[in-house]
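The values are calculated or read from the model by the stated rules, or taken from the named source; none is laboratory data. Treat the numbers as computed from the prediction; the structure is a model and nothing was measured. No Cβ is skipped: glycine too gets one built from the backbone with ideal geometry, and neighbour counts run over all protein chains shown.
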Amino acid sequence: MVTTPEPDPELRESALIESYLTDPANAGIRSLRLCLTDFHHSARRAAVALSRRRWEHLTTLWFGYEFEYLYEDAITSTGRRLSPLDYLGTGFVGDASDAMWRALPALQTVTIEGGLLFDTLSSNTVTHLRLRGPVGSDGSLFPAEHLPALTTLELQTACDVFGTAIPVEQLQELTPSALPSLQILDLSNAEFDDDPRETLATMPLTKQLSELRLRPMDDQA
């Protein structure tokens, strides 16, 4: 498929992704990895492109961008510095989130890396979810109201570029009503601003778990 050149070079990545996702020849893919460089453009455009058809065979999705320290300036494809915090509140995918998740009825395994990506996470079919960073548009750790099939959740967090860790209180976003089938909660690679054990001990969700994985106490902030 021939695409019209984008006037802004930083739009080129998103145009290529959109072209791939809207090509009927790719409708049957089973796995998709979207590791974005110009994610300030590509994240939303990819989500919108995904929402244009139902992906009946897509079971595995990796979506986001790589980083060393959360909220550090990203370097775009043109060498420009980009501050993710400029998108706090609006997010990179933002309000295009719901339509994207609705278009993925077969999804089972999801990895999301990066901060401030989605307004919401919503799926009736996802069973395994790995989140690296507070992926909510508002900086929340877990922007999901209901993931009824989820059995395994991995949360990976570390200090951001300012040396600040995720508030341990954000774990209270994990509730039985949002995660009725959750059995395994993996926090072995999650760093919080305080030891999470006390918070976890008071959470109703903890009682339904068959396995809870934590960092060694000496590794906590």
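Confirm whether Pro180 is under 22 Å from Gly91 (Cα atoms) and surrounded by fewer than 17 Cβ atoms within 10 Å (Cβ to Cβ).
Values: under 22 Å from Gly91 (Cα atoms): no; surrounded by fewer than 17 Cβ atoms within 10 Å (Cβ to Cβ): yes.
Spelling it out, it is not the case that Pro180 is under 22 Å from Gly91 (Cα atoms) and surrounded by fewer than 17 Cβ atoms within 10 Å (Cβ to Cβ).
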- Quick check, is Thr152 in contact with a His (Cβ under 6 Å, 6 or more places away or on another chain) and surrounded by fewer than 16 Cβ atoms within 10 Å (Cβ to Cβ)? no
- Message: One residue is enough: does the range 89-102 have a residue meeting the conditions of a type in the set (Phe, Trp, Tyr), surrounded by fewer than 21 Cβ atoms within 10 Å (Cβ to Cβ), touching a Leu at 6+ places or on another chain (Cβ under 8 Å) and modelled with pLDDT of 95 or more?
- Response: no
- Answer yes or no: is there a residue in the range 111-133 that is small (Gly, Ala, Ser), modelled with pLDDT of 95 or more and at positive phi. yes
- Note on the structure: If we keep only residues of the range 187-217 that are in a loop (DSSP other than H, G, I, E, B) and not acidic (Asp, Glu), then the residue nearest to Pro148 (Cα to Cα) is Leu209
- Restricting to strands (runs of 3 or more DSSP E) lying wholly in the range 1-119: which have 1 or more residues that are of a type outside the set (Ser, Thr, Tyr) and closer than 19 Å to Gly139 by Cβ? 60-64, 109-113
- Note on the structure: All-but-one check, Glu145 against (1) closer than 22 Å to Ala74 by Cα; (2) surrounded by fewer than 17 Cβ atoms within 10 Å (Cβ to Cβ), failing number (1)
- For the range 94-119, pairs from a residue that is within 18 Å of Pro134 (Cα to Cα) and of a type in the set (A, V, I, L, M) to a residue that is assigned to a strand (DSSP E or B) and modelled with pLDDT of 95 or more, with Cβ under 6 Å and 6 or more apart or across chains, are Val110/Leu61; Val110/Leu129; Ile112/Phe63; Ile112/Gly64; Ile112/Leu131
- Is it the case that Ser140 is without any contact (Cβ under 8 Å) to a residue 60 or more places away in the chain and under 20 Å from the mean Cα position of the chain (by Cα)? yes
- Item | Residue count for the range 157-186, restricted to those that are assigned to a loop (DSSP other than H, G, I, E, B), modelled with pLDDT under 95 and either touching a Pro at 6+ places or on another chain (Cβ under 6 Å) or closer than 14 Å to Tyr71 by Cβ (or both) | 7
